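Written below as structure tokens is the structure these notes are about.
Each value in this text was obtained by applying a stated rule to the coordinates, not by laboratory testing. Because the structure is predicted, anything quoted here is derived from the model rather than measured. With ideal geometry, Cβ positions are generated from the backbone for all residues, glycine too; neighbour counts draw on all protein chains shown.
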Amino acid sequence: MKLHQKNTMIKIKPHQIAFDIDGVVADTMSSFIGIAKKEFGINSIRKEQITSYWLEECLNIPEDIIGAIINRILADPFGTALEPLPGAIETLKLIAQHSPLYFVTARPIREPIEEWLRQKLAGVSPDKIKIEATGQHSLKPQVLKEIGRPYFLEDHLETCHALYEHGLKPIVFDQPWNQGKTPLYRVHGWGELKAMLEL
Ligand SMILES: [Mg+2]
């Protein structure tokens, strides 16, 4: 892979970018930690401990419990107290003034997260909030090509690398589980992304 220029050297137009949801727009890990505590009595998880995207690799919790918590979050964003990450809604609303918003998620079902996004993005017309739920990470490159949005904000490092291999322009959204060297663009929060946008 060739080393990219610094983040500040690029300017992204609103119609050129799409977004992952979990770990990027939504603070899914806090929701995970909250449900683990409230419904399973597990008080020991800290966000910094989550150093792998695959939770069973970094948390000492039975796999079936991890699966049960994830299913709760997928089915019921409101009931699991899913909240946006700082700055996400403000920046997305700015982008929506210029272009429809596109979200591409590996979630298998669209409706619950669509309802959540529509509520959190109140004031943005629902027909400007477009969501593709692929069910699989590996389908994201194809979807992004079809919708014609090369830039993609994503927290899953392997997906970022796959997008790059497909000639797309992933931007890693910095999280404890995507550390490690990568030549790709990386932002530490929505403020840095906002600075890369041509609004
Ligand atoms: Mg994600």
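Here is how the numbers come out for the structure above:
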item	result
Interchain or long-range residues, amide H under 5 Å from residue 152's placed H	18, 169, 171
The chain: calculated mean residue ellipticity at 222 nm from DSSP helix runs of at least 4, using -39500 (n - 2.57)	-10500 deg cm²/dmol
Most mobile of 18, 122, 106 in a GNM of the chain (Cα contacts under 10 Å)	122
Computed log₁₀ I(q)/I(0) - Debye formula, equal Cα scatterers, no solvent, the stretch 28-75, q 0.30 Å⁻¹	-1.43
The chain: angle of helix 63-75 to the longest principal axis, Cα-based, in degrees nearest 10	50 degrees
Value of relative contact order over the stretch 28-75, rounded to a whole percent, pairs C-alpha under 8 Å and six or more apart	37 percent
Electrostatic dipole magnitude of the stretch 1-106 [Cβ: Lys, Arg +1; Asp, Glu -1; Cα centre; debye, to 20]	620 debye
DSSP-defined beta bridges in the chain - what % are antiparallel, rounded to 5	5 percent
Other-chain or far-sequence residues with amide H under 5 Å of residue 103's (modelled H)	19, 130, 131, 132
Linear extension gain, residue 174 paired with residue 13, 0.36 nm per residue minus alpha-carbon span	55.8 nm
Average projected area [Cα convex hull, the chain], square nanometres	10.6 nm²
Proximal charge balance of residue 66 [Cβ under 12 Å; K/R count +1, D/E count -1]	-3
Total charge dipole magnitude, the stretch 28-75, about the Cα centre, Cβ charges on Lys, Arg, Asp, Glu only, Debye to nearest 20	280 debye
Taking the stretch 57-189 and dividing mean pair separation by its residue count, relative contact order in percent (alpha carbons under 8 Å, at least six apart)	17 percent
Residue 161 paired with residue 136, simple spin-label distance in nm, labels 7 Å along Cα-to-beta-carbon	1.9 nm
Sparsely packed trypsin sites (Lys or Arg not before Pro) within the stretch 103-199, loop by DSSP, other Cβ within 10 Å at most 16	110, 181
Per-residue ³J(HN,Hα) for the stretch 124-135, Karplus 6.51 cos²θ - 1.76 cosθ + 1.60, θ = phi - 60°, Hz, x for Gly and Pro	8, 4, x, 6, 9, 10, 10, 10, 10, 9, 7, x
For the chain, with +1 on Lys and Arg beta carbons and -1 on Asp and Glu, the positive-most of 195, 71, 133 along the dipole	195
Given 145/181; 47/145; 120/140; 38/194; 130/169, the pairs whose alpha carbons are separated by over 31 Å	47/145; 38/194
Part-to-part distance (alpha-carbon centres) for the stretch 22-79 and the stretch 131-145, which is given in Å	23 Å
Under Karplus coefficients 6.51, -1.76 and 1.60, residue-wise ³J(HN,Hα) of the stretch 29-35 in Hz, glycine/proline x	5, 5, 4, 4, 5, x, 5
Loop-located chymotrypsin sites (Phe, Trp or Tyr not before Pro) in the stretch 2-108, at most 16 other Cβ atoms within 10 Å (DSSP)	54, 78
Stretch gain in nm, segment residue 48-residue 64, where the contour uses 0.36 nm per residue and the Cα spacing is subtracted	3.6 nm
